[in-house]
Every structure is written in structure tokens, then in C-alpha cells.
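Participant: Quick one: the structure is below, questions incoming.
The values are calculated or read from the model by the stated rules, or taken from the named source; none is laboratory data. Predicted model, so just to flag it, every value in this text is computed and none were measured. No Cβ is skipped: glycine too gets one built from the backbone with ideal geometry, and neighbour counts run over all protein chains shown.
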Amino acid sequence: MTASDGNEQAGDSNLLNSSSTRSLVAGDLAAVFLPAHGMLCASLRHRGLEILGRVENLDSVAAQGSTAGIPFLHPWANRLAGLSYSAAGKKVELDAGSPLLHFDARGLPIHGVPWALLSWEVIDAKQDVLVARLEWGRSELLALFPFRHRVEMRASVQADGLTVETTLIASAEGPVPISFGFHPYFTLPKLARANWQVEIPAMRKLLADSRGIPTGAGESYDGYSGLLGELGFDDGFALLEEQAAFSVAGAGRKIIVQFLEGYSNAQIYAPRDKDYIALEPMTAPTNALASGSGLRLLEPGGRHRAAFRVRVETNSLNQAL
């Protein structure tokens, strides 16, 4: 049985109404992916309620080069400190005029190539599983990240969760830096942000400058368990253990992001004036391509597998869903 085209989830977005969308369904969960646009997870509904943030107007977000839903960030997650970096023996000068770059408010390149500009090839599609691959070999892509490789992504929906497995496969030509990540936005639309219950594990916090670039210093972070309230986050962390769990809960629903393997870092992003929180798995710290700090290299022909899971729990004794 093949995955459906996702039109039953479509809103006003042309992207969601596209025939290229793919829906995965199991139990109370339904996910929509856009293989032709970065393998973006553009919707994740639990019992019909959307739990992903920033998906209200995907067309506008795509046109701006911004993130939404659960985007794949590649070939770097979060920011670079400037338009040049050196990694795996290669010096790279980025072209500020490249249409494949997106910049933050300070003019720093952020999140690699915008999700809407990367088309993936679907290689398997079932009711609850979608597998796609991205070949990194075109000249315009190699100008940004001159390391030939392939990325394979397997998304699967279970009755209580969505699992995303990503495998980076290096070509035989040389090592490939590992610096990808994801930027999942979550929301609890039936509950005010201040009343969201957040759980963050103990990690090492990476101190950053005013641009959000790690300085190289760090400090212990004991974790957090409590209401989000008026707290704001835009912080990078190094995991103490490869497997870690983060969550946001309220109104009888708990969303848990489990880092299963292959991720070494996390970013927590929760602006005080927005009704979403991003719990981001990352394979390297911000700016690792330029700083070299925490950057791993994949040997020629090697494979790096990373996986995370979004689990949704309900509590019938809590507030009605």
C-alpha cells in the first residue's frame, strides 16, 4: 500500500495541496512530508490537532527561506560566523549572492540550503513509512559544501510517535564533515504558552557571543523542569549522553523528543513572544564547520546514522484534549 498524497491535510498552502506531498498514518498520528521541498515534515497531527509550529502559511515561509514544521538543516545547522570556513582540508568561500543561502538578521548564513530548494527522490513509500534520498553532487551545491555525499532519510509513523532516521553516506573521494540537524517546532494550541510544562535534561551549555556563535567556553547546565512561563530560550548545548529526551506538555498531551543515536548537540529555541518551542537535534555545535569544535569527519565511503523520535503521550486524568 502506498502513502496517500496528503491532500486531506491540506490548508491554504499550495505546497500542502501539491500532488507531491506524502502522508503517513498510524493510530492517532498523521504526518505530511514534502519530498520535493527538502523532505520537510509539514504537518504532524495527533487526534486531528496540529502539534507542529509555523506551518500556517508554508508558501510564505518557503519564499522567505525560513524554517517551519520539522525542517532538515544541511549542510550546517544554525549559523556560521561568516562567509568562509575551512573543514576537512578544504577552504570554502561562500558567495553572499547565492540563491541557495539564507541569512539571519545579522547577515550570517544560517541553516544551510533552505528546505524548499532541495528536491529529494522518493525510493519507498508505504502507509506508515517514507524513504527518500538526496544526492549532493550538483555544482551549485558543491560550491557551498564541496564534499560529495548522499543523504538517505527514513520517516516512519507508529501509533504513538514519528521516527526520523537520517544516514549520511560519504563518497569515495574524501572525508565529509558531519554538521546537519533538524529544527522541529512544537506547539500546544489549546493552552497558553506560559502554562506549557517543559523538561530539559542536564547538558553542557555552550556560551555564545551576541551573534549566537559559541565562544568555545561552556558551563554545566542542570536541566529544567517547570512551566515555560515568561522564559525565553535560544541556547546551544552539548549532550552528556547520546540518548536524551526533551518534552513539552499540557492540556492532557505530552510531546517528547527522544535523541536515539548519532546526535551530539541540541539547540533550544523558544522566543518569549511566540507560541512554539523548538527542540533541535544537531550532529555538531553551531559554527562547527568554521571553528572545528566538536566537528566529526566521515571517512571516505563511510556512513553516519542519526535518529530521533517524536513521541506523543496522553493523560486522560489531565485536562480534556
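Participant: Inspect segment 11-27 for any residue being farther than 28 Å from residue 248 by Cβ, modelled with pLDDT under 95 and in contact with a strand residue (DSSP E or B) (Cβ under 9 Å, 6 or more places away or on another chain) and give the result as yes or no.
Facilitator: Yes, there is a match, as at least one residue in segment 11-27 is farther than 28 Å from residue 248 by Cβ, modelled with pLDDT under 95 and in contact with a strand residue (DSSP E or B) (Cβ under 9 Å, 6 or more places away or on another chain).
Participant: Can you tell me which residue is nearest to the chain's Cα centre (by Cα) among those in segment 121-147 that are in a loop (DSSP other than H, G, I, E, B) and of a type outside the set (Phe, Trp, Tyr)?
Facilitator: Restricting to residues being in a loop (DSSP other than H, G, I, E, B) and of a type outside the set (Phe, Trp, Tyr), the top hit is 128.
Participant: Right, next: Limited to segment 200-218, what total is found for residues that are touching a helix residue (DSSP H, G or I) at 6+ places or on another chain (Cβ under 9 Å), crowded, with 17+ Cβ neighbours inside 10 Å and part of a strand (DSSP E or B)?
Facilitator: Counting residues in segment 200-218 that are touching a helix residue (DSSP H, G or I) at 6+ places or on another chain (Cβ under 9 Å), crowded, with 17+ Cβ neighbours inside 10 Å and part of a strand (DSSP E or B) gives 1.
Participant: Further question: Quick test of your reading of the structure: residue 76 fulfils all but one of (1) at pLDDT 95 or above; (2) surrounded by 14 or more Cβ atoms within 10 Å (Cβ to Cβ); (3) of a type in the set (A, V, I, L, M, F, W, C); (4) more than 18 Å from the chain's Cα centre (by Cα). Name the failing condition by number.
Facilitator: Checking residue 76 against (1) at pLDDT 95 or above; (2) surrounded by 14 or more Cβ atoms within 10 Å (Cβ to Cβ); (3) of a type in the set (A, V, I, L, M, F, W, C); (4) more than 18 Å from the chain's Cα centre (by Cα), the one that fails is (4).
Participant: Might you let me know whether segment 93-107 holds any residue that is out of contact with any Gly (no Cβ under 9 Å at 6 or more places or on another chain), over 21 Å from residue 143 (Cβ atoms) and surrounded by 23 or more Cβ atoms within 10 Å (Cβ to Cβ)?
Facilitator: no
Participant: Can I ask one more? Of all strands (runs of 3 or more DSSP E) completely enclosed by segment 219-297, which ones contain at least 3 residues that are charged (D, E, K, R)?
Facilitator: Those strands (runs of 3 or more DSSP E) span 253-261.
Participant: Moving on to the next point. Just to be sure, is residue 123 out of contact with any Cys (no Cβ under 6 Å at 6 or more places or on another chain) and over 23 Å from residue 290 (Cβ atoms)?
Facilitator: Yes.
Participant: I want to confirm something. Restricting to segment 99-145 and keeping residues that are free of Cβ contacts under 8 Å to residues at least 60 places away in the same chain and of a type in the set (Lys, Arg), which single residue is farthest from residue 281 (Cα to Cα)?
Facilitator: By that ranking, first place goes to 138.
Participant: Which residue out of 162, 191, 118 is over 30 Å from residue 225 (Cβ atoms) and buried (at least 17 other Cβ atoms within 10 Å of the Cβ)?
Facilitator: 118
Participant: Could I ask something else about it? Identify, from the list 155, 194, 172, 251, the residue that is within 30 Å of residue 121 (Cβ to Cβ) and over 21 Å from the mean Cα position of the chain (by Cα).
Facilitator: Result: 172 is the single residue among 155, 194, 172, 251 that is within 30 Å of residue 121 (Cβ to Cβ) and over 21 Å from the mean Cα position of the chain (by Cα).
Conditions (1) within 16 Å of the chain's Cα centre (by Cα); (2) outside any helix (DSSP H, G or I); (3) under 23 Å from residue 157 (Cβ atoms), marked per residue:
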{"site": "42", "(1), (2), (3)": "yes, yes, yes"}
{"site": "56", "(1), (2), (3)": "no, yes, yes"}
{"site": "63", "(1), (2), (3)": "no, no, no"}
{"site": "67", "(1), (2), (3)": "yes, yes, yes"}
{"site": "82", "(1), (2), (3)": "no, yes, no"}
{"site": "99", "(1), (2), (3)": "no, yes, no"}
{"site": "119", "(1), (2), (3)": "no, yes, yes"}
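Participant: Is segment 148-156 home to any residue that is surrounded by fewer than 16 Cβ atoms within 10 Å (Cβ to Cβ) and part of a loop (DSSP other than H, G, I, E, B)?
Facilitator: Looking for residues that are surrounded by fewer than 16 Cβ atoms within 10 Å (Cβ to Cβ) and part of a loop (DSSP other than H, G, I, E, B), one finds none in segment 148-156, hence no.
Participant: Do we have residue 168 as out of contact with any helix residue (DSSP H, G or I) (no Cβ under 8 Å at 6 or more places or on another chain), in contact (Cβ under 8 Å) with a residue 12 or more places away in the chain, surrounded by fewer than 17 Cβ atoms within 10 Å (Cβ to Cβ) and in a strand (DSSP E or B) here?
Facilitator: So residue 168 fails the test.
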